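Asker: One structure follows; several queries about it will come next.
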Amino acid sequence: MKILIAYYSKTGSTEKVAKKIKQEFEEKGHKVELVKIVPVQELKAYQYKKNGKELALKNATGSVKKFDLVLIGTPVWNFCPAPMVLSYLRNLLNVKDKKFALFATCTALPGTTIQRMSSILSTKGGKVTASITVRSIFSLDAKKLEVAKKFAEQLS
Ligand SMILES: Cc1cc2nc3c(=O)[nH]c(=O)nc-3n(C[C@H](O)[C@H](O)[C@H](O)COP(=O)(O)O)c2cc1C
């Protein structure tokens with residue numbers, strides 16, 4: 001399969017999960033493109049509008065046409081996806097009938113993060129088939145990352 005993994009990460013946890021998933025897919029022989037979502041303006045977390053509207057991204061208008069599976073990852077910010085990810089999802093092209101899987105990282109309370117991402121994609125005709133939330137109050141150790149490995153195995 002041709003797989004896209006797009007994620008935002010401020011302090012590195014979501015990135016670790018994204019890279020672990022990538023590694024696992026590649027070991028199974030899939031082709032993976034890893035895209036880090038980057039806002040045009042780097043601000044403090046609280047300075048971004050929570051709904052991500054009008055939030056400009058450096059890589060905003062991604063088409064997912066050429067991929068068989070698309071994974072989107074986000075940190076949880078105030079029980080919701082990071083605004084950059086909301087902006088990315090809203091701008092995503094060729095979503096109709098595409099297969100998606102979602103992942104989120106948080107300390108403990110994910111709130112409505114996965115539901116919100118899922119709802120944007122379903123409205124655009126995308127099919128969300130699986131999701132994981134990796135909770136880590138302290139740090140993301142090897143054991144926690146096993147969840148990411150299993151997730152990729154399940155999707156392969
Ligand atoms: C602005 C902000 C809001 C956050 N809100 C939540 C939250 O609602 N629930 C939670 O469990 N963790 C919350 N966290 C913790 C992050 O979700 C967690 O540390 C995440 O793994 C960070 O991902 P990253 O390292 O990829 O940026 C928040 C962190 C930040 C910076």
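Asker: Which pairs have Cβ atoms under 6 Å, sit 6 or more apart or on different chains, and link a residue in region 1-29 that is farther than 19 Å from Ala82 by Cα and free of Cβ contacts under 8 Å to residues at least 60 places away in the same chain to one that is within 8 Å of the ligand (Cβ to nearest atom) and assigned to a helix (DSSP H, G or I)?
Answerer: none
Asker: Another question about this same structure. With (1) within 16 Å of the ligand (Cβ to nearest atom); (2) of a type in the set (Asp, Glu); (3) under 18 Å from Glu153 (Cβ atoms) as the list, and Glu15 as the residue in question, which single condition is left unmet?
Answerer: Just one mismatch for Glu15, condition (3).
Residue-wise test of (1) touching a residue at least 60 places away in the same chain (Cβ under 8 Å); (2) surrounded by 22 or more Cβ atoms within 10 Å (Cβ to Cβ); (3) more than 22 Å from Gln47 (Cα to Cα).
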{"site": "Gly62", "(1), (2), (3)": "no, no, yes"}
{"site": "Phe79", "(1), (2), (3)": "no, no, no"}
{"site": "Thr113", "(1), (2), (3)": "no, yes, no"}
{"site": "Ser118", "(1), (2), (3)": "no, no, yes"}
{"site": "Lys127", "(1), (2), (3)": "no, no, yes"}
{"site": "Ser136", "(1), (2), (3)": "yes, no, yes"}
{"site": "Glu146", "(1), (2), (3)": "no, no, yes"}
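Asker: Restricting the search to region 18-36, which residues are within 16 Å of the ligand (Cβ to nearest atom) and either of a type in the set (Lys, Arg) or farther than 18 Å from Cys106 by Cβ (or both)? Steps first, please.
Answerer: At the first step, the residues of region 18-36 found to be within 16 Å of the ligand (Cβ to nearest atom) are 18-22, 34-36.
Scanning region 18-36 gives Lys19, Lys20, Lys22, Leu34, Val35, Lys36.
Every number in this text was worked out from the coordinates using simple rules, so none of it is lab data. These numbers come from a predicted model, not from an experiment. Note that each Cβ is placed from the backbone with ideal geometry, even for glycine, and that neighbours are counted across all protein chains shown.
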